[in-house]
Every structure is written in structure tokens, then in C-alpha cells.
């Protein structure tokens with residue numbers, strides 16, 4: 001009981017007082033939303049909507065819907081809130097992303113489903129009326145009309161009512177990307193309709209946007225939740241907001257333009273040579289647009305193309321990531337905090353982890369994610385052993401638990417960056433194991449030159465530890481006696497205890513691939529030499 005209380009204390013003590021206030025407020029006060037005085041007068045557009053990013057997936061087929069690589073029959077009225085289906089899948093059903101599909105047939109099927117949604121989801125009842133899915137659905141509906149489609153008066157009235165409801169249920173208790181999604185929806189609905197009430201939505205959305213940009217976009221351009229996936233999602237949000245402001249001839253805040261420029265550069269740095277994001281914190285494929293898709297969208301909005309990637313080392317100081325590129329090597333290091341103290345829901349226990357691409361191919365990878373929720377698989381995916389770093393005494397470096405919670409968390413210290421004649425030497429330690437008795441410190445040094453990476457791990461004082469190196473599923477590792485051969489990479493340890501284990505890699509929600517992991521137990525120091 002004491003341990004449980006301590007875990008809750010170390011989780012809740014980081015929350016902002018305002019988060020606690022709004023948590024209580026929304027539990028006690030249930031907002032009432034009037035269904036009267038709905039005016040569906042639309043604002044006049046001044047310029048064409050610039051084509052946004054489209055979805056190529058087949059969402060609907062034979063009375064089933066497919067999201068997150070899972071399919072369910074959707075012809076029943078109970079599908080919207082079916083407790084037997086994962087909540088994230090149900091959220092996607094309520095988003096109506098298929099209104100932005102590249103296929104006209106998919107758009108039509110989604111539009112037909114929207115009529116059902118209005119009939120089968122009474123006001124403020126069920127998953128669909130929660131603020132986050134409401135926000136995404138509002139934007140999808142408005143974008144659908146801006147592309148030249150027409151909504152019936154019944155759907156327009158529902159859209160107006162959804163925006164009115166959202167305005168009373170903004171996610172101040174969560175903050176972060178959820179509040180930005182709320183603001184985006186208010187801006188879109190506020191510009192789409194032409195009433196005094198919609199003007200209030202617009203101004204509220206713009207105020208939140210300006211305020212949250214200064215909070216959530218770090219000086220180095222990273223989104224403060226430190227997830228490349230959510231960073232890309234928010235960058236698309238900002239480009240959409242720029243697009244809709246241009247469409248209705250409203251001034252674009254300079255803070256928004258600057259944030260977009262910085263965020264594009266950050267995402268470019270955190271993108272592997274294969275054109276896709278690195279897996280740090282909650283990150284996987286097929287949820288957010290790629291860096292290339294976002295760059296093309298930005299150029300359609302008359303923003304300049306991204307510069308070519310450079311080979312110099314780059315330290316994203318506020319985010320805590322370092323990108324080192326040499327010849328055929330692309331290395332990304334995590335030497336930062338797990339995220340904002342009051343919002344660690346998408347954080348993993350991945351401190352001092354890294355990802356490495358060789359000859360343009362991912363070779364050493366963090367494991368990614370395939371699910372949300374509170375189940376054991378989610379805990380494994382957030383755990384330290386799912387990343388290319390060191391576990392001490394079988395514990396996670398940060399106490400991730402219950403799906404989106406973190407109690408005591410690792411903090412890096414002692415970072416040094418030294419440029420060598422033909423490479424770099426990076427050293428860093430963290431406090432994640434100071435909660436153990438005796439207090440344990442994990443320190444790691446990466447020394448990278450043109451054709452090799454030397455990793456030196458130290459845990460002090462001496463205790464049981466284990467290093468994990470996860471290979472991309474495309475590679476099989478062979479023990480050749482003194483070394484391990486993994487594609488073009490040759491790995492040597494100053495230990496005889498390394499073993500090749502079978503593991504799991506999660507490239508998308510609902511997807512699991514088998515891969516190999518090199519596990520090396522050690523007690524004090526370990527040297528890992530990777531050559532190519």
C-alpha cells in the first residue's frame with residue numbers, strides 16, 4: 001500500500017494546479033449545451049483552399065471499417081461505444097478521417113456514415129462527444145467542404161452544435177497536443193460559420209494557439225512532448241491553420257510562421273535516411289504524415305523547400321536529441337528529459353537510447369508502439385528493455401505505468417560533446433536509478449568515427465545490469481565467435497555473456513514483427529564496438 005501511495009504521489013506531484021482544478025471541474029460540473037439558436041450562415045471565402053495531405057488507406061469495405069490495422073463490422077448502432085473494442089480504434093471511427101481520403105469512394109462512404117453518426121450519437125453521450133475526437137471530426141468536416149463538397153443542413157447544424165459543445169469542454173486538464181487540437185477546431189469552425197458565436201470560437205482558438213506555441217514549441221523547434229510522431233501531427237495542424245487563415249484572408253501570426261519553419265527543420269533532423277521518423281517516446285509509422293509529405297504541403301503554401309541534410313553534428317539542445325552523420329552512418333542519441341514534467345503521457349523509459357542507420361537502412365532501432373491502453377504490451381513497449389540502452393536490476397529507468405503515467409523519472413546530467421578530428425565523443429549520465437539502494441548511476445559514452453561506433457556503459461556502484469541492442473527485422477545476427485555479424489555491421493563486446501534473443505518490433509498500431517536483440521549482462525562496465 002505504501003509503495004502504491006508513493007507511486008501516485010510521484011506521478012501527481014508534477015501536475016499543474018490548473019490541471020487538478022479542471023479535472024475536478026469536469027467531474028463535478030457537467031456542461032449544458034443548448035440546441036437552440038443554431039445559425040448555419042457561412043463565411044465567404046477569399047481564396048481557394050490549398051490541397052492538404054490526403055489519406056491513401058482503404059478505411060471502409062464490405063460494411064467494415066479498418067483503422068490501426070484492425071477491422072470491425074460497423075453496421076450496428078452499438079459500434080460507436082462497443083466496450084469490447086479498443087478505445088483508440090473507436091476514436092478513429094469518430095474522427096471521420098476518410099473525409100480526407102484520396103479516394104472519392106472512401107469519401108462518399110464516410111459521408112454516408114456521418115449521417116448515421118448524427119442519428120446514433122445523442123448530444124454529449126459516448127466516445128464521439130469527447131473533446132479530442134470532436135476536435136478532429138470538426139476539422140475533417142470543414143476541410144471536406146473547403147475542397148468543394150456540400151454538407152446538408154442537418155450535417156451543418158450538427159457541426160455547429162459540435163463546435164458549441166467543444167467550446168465548453170476544452171481540455172485544460174490535459175493540455176499539450178490535445179489543447180492544440182481543440183484550438184485548431186475552434187479556428188476552423190469559427191472561420192467556417194459567420195455568426196457572433198463563431199467569431200468568439202475563432203478568437204478563443206487563436207488566443208490558445210498563440211499561447212500554446214510559446215509553451216509547446218521549444219527553441220530548437222521540437223514539440224515539447226518529444227515524440228517525433230506527435231511533432232509531425234502538430235506540424236500538419238499548424239500548416240492546416242495557415243491554410244485556412246489564408247483561405248479566409250486573415251493575417252497569419254508571425255509566431256505560427258516561425259514555429260512551422262523551426263518544426264520542419266527539427267523533423268528533418270529526426271528523420272532517418274529512409275524518410276521516416278525515429279522511434280523515441282510514443283512513435284510509430286502510419287499515424288502522422290512523413291517529413292516529405294509535410295514539406296510538399298508547405299511548398300504548396302508557398303513556404304520554401306527544406307535545405308538538403310548536412311553531415312555535421314546537430315544538438316537539439318532543448319529537446320535533448322543529438323544527430324550525428326558520418327559517411328554511411330546516421331546516429332540519433334537521446335540525452336534529454338522524457339518530456340514536460342506535467343505531461344509525460346507519451347514518454348518512454350528510453351533515456352540514453354539511440355537509433356542507428358547504416359548505408360541508408362535502419363539497423364539498430366527502438367521497438368516502437370502497436371497499442372495504447374493499460375495492458376501489459378503497452379508497459380513492455382514503454383519499458384527500458386524495449387530500447388537501445390541499459391536496464392539496471394531489472395528496473396525501468398523511469399517508472400512508466402498505467403499506459404500514460406510516469407512516477408519517478410530519469411533526468412540526464414553531465415552531458416559533454418567533444419568534436420574529434422574525424423568524429424565526435426558524447427558522454428552523458430542520468431538519475432533514473434538513483435531511487436535504488438544503493439543509489440545507482442548509469443553513464444554512457446558514444447565515440448563515433450568514420451567506420452565505427454564505440455559505446456561505453458558504466459553503472460556505479462557495481463551491480464547487475466543488462467545492455468539491449470535491437471536489430472531492425474530486416475537483419476539477422478550471427479555469432480562468428482569473437483564477433484556478431486548483423487548485415488554490414490560487425491559488433492564486438494568486451495564480454496562473453498552476450499546472447500541473441502527473439503524480440504518484437506512494432507512498426508505501426510496493430511502490427512508486430514519479429515526481430516533480434518543482443519542482450520549483454522554486465523556488472524560494472526561494458527564496451528560495445530560496432531563497425532561497418
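Throughout, read-outs are computed from the coordinates displayed, never taken from laboratory work. Nothing here was measured: the structure is a model prediction, and the numbers come from that model. All Cβ positions, even for glycine, are placed from backbone atoms using ideal geometry, and neighbour counts span all protein chains on display.
Potential lengthening of the chain between residue 28 and residue 8 amounts to 5.0 nm, from the contour at 0.36 nm per residue minus the alpha-carbon distance.
Each label point was placed 7 Å from the Cα along the Cα-to-Cβ direction; for residue 250 and residue 299 their separation is 2.9 nm.
Please report the spacing between the Cα centers of the stretch 178-222 and the stretch 1-74 in Å, no decimals. With the stretch 178-222 and the stretch 1-74 each reduced to a Cα centre, they are spaced 15 Å.
Round to the nearest 0.05 the FRET efficiency obtained for residue 152 and residue 508 when R0 = 51 Å and r is the Cβ-Cβ distance. Don't skip to the answer; put the middle values down first.
Values: r = 35 Å, r/R0 = 0.69.
Once rounded, the FRET efficiency stands at 0.90.
The Kirkwood radius of the stretch 485-531, taken over pairs of alpha-carbon atoms, gives through the Stokes-Einstein law at 37 °C and 0.692 mPa s a diffusion coefficient of 263 µm² s⁻¹.
The angle separating the long axis of helix 153-167 from the principal Cα axis of greatest extent in the chain is about 50 degrees. Taking the C-alpha atoms only, the angle from helix 291-300 to the longest principal axis of the chain is near 40 degrees. Taking packing as the residue-averaged number of other Cβ atoms within 10 angstrom, the listed peptides 412-424, 244-256 run from highest to lowest as 244-256, 412-424. Seen against the Cα atoms of the chain and their longest principal axis, helix 254-269 is set at about 40 degrees.
For n ≥ 4 DSSP H runs only, could you compute -39500 (n - 2.57) per run for the chain, divide by its residues and tell me the 222 nm figure to the nearest 500?
Computed mean residue ellipticity for the chain: -10500 deg cm²/dmol.
Counting neighbouring Cβ atoms within 10 Å and putting the fewest first, the residues 36, 425 line up as 36, 425.
Cα-based values for the stretch 270-334, radius of gyration first and Dmax second, are 13.0, 34 Å. Normalising the Debye intensity of the stretch 42-173 to I(0), with uniform scatterers on Cα atoms only, and taking log10 at q = 0.10, 0.12 Å⁻¹ returns -0.31, -0.46. Principal axis analysis of the Cα atoms in the stretch 314-531 yields extents of 41, 38, 33 Å, listed in decreasing size. Computed from the C-beta positions of residue 257 and residue 168 and an R0 of 35 Å, the FRET efficiency is 0.70 to the nearest 0.05.
Between residue 488 and residue 219, the FRET efficiency estimated from the beta carbon spacing at R0 = 51 angstrom works out to 0.85. Here is the tail figure for the stretch 133-275: Cα pairs spaced more than 20 Å apart come to 46 percent of all pairs. Across the stretch 199-322, Cα-Cα pairs farther apart than 26 Å form 19% of the total. Residue separation of residue 393 and residue 450 scaled by 0.36 nm, minus their Cα-Cα distance, works out to 17.1 nm of gained length.
Counted over the stretch 277-383 with a bin width of 5 Å, the fraction of Cα pairs per bin, in whole percents, is 2, 10, 16, 19, 21, 16, 10, 4, 1, 0.
Please arrange 188, 46 by counting, for each residue, the other beta carbons lying within 10 Å of its beta carbon, fewest first.
On the way: 188 26, 46 10.
The order, fewest Cβ neighbours first, is 46, 188.
Taking the fewest neighbouring Cβ atoms within 10 Å as the starting point, the ordered list for 91, 506 is 91, 506. Among 315-321, 456-462, the peptide with the highest mean count of other Cβ atoms within 10 Å heads the list, and the full ranking is 315-321, 456-462.
Extension gain, residue 421-residue 501: 0.36 nm per intervening residue step, less the Cα-Cα distance, totals 25.1 nm. Computed over the chain, the convex hull of the alpha-carbon atoms projects to a mean area of 25.0 nm².
Expressed as a whole percent, the proportion of Cα-Cα pairs in the stretch 413-532 lying more than 24 Å apart is 38%.
Spatial offset of the stretch 327-370 relative to the stretch 226-259 amounts to 25 Å, using the alpha carbon center of each.
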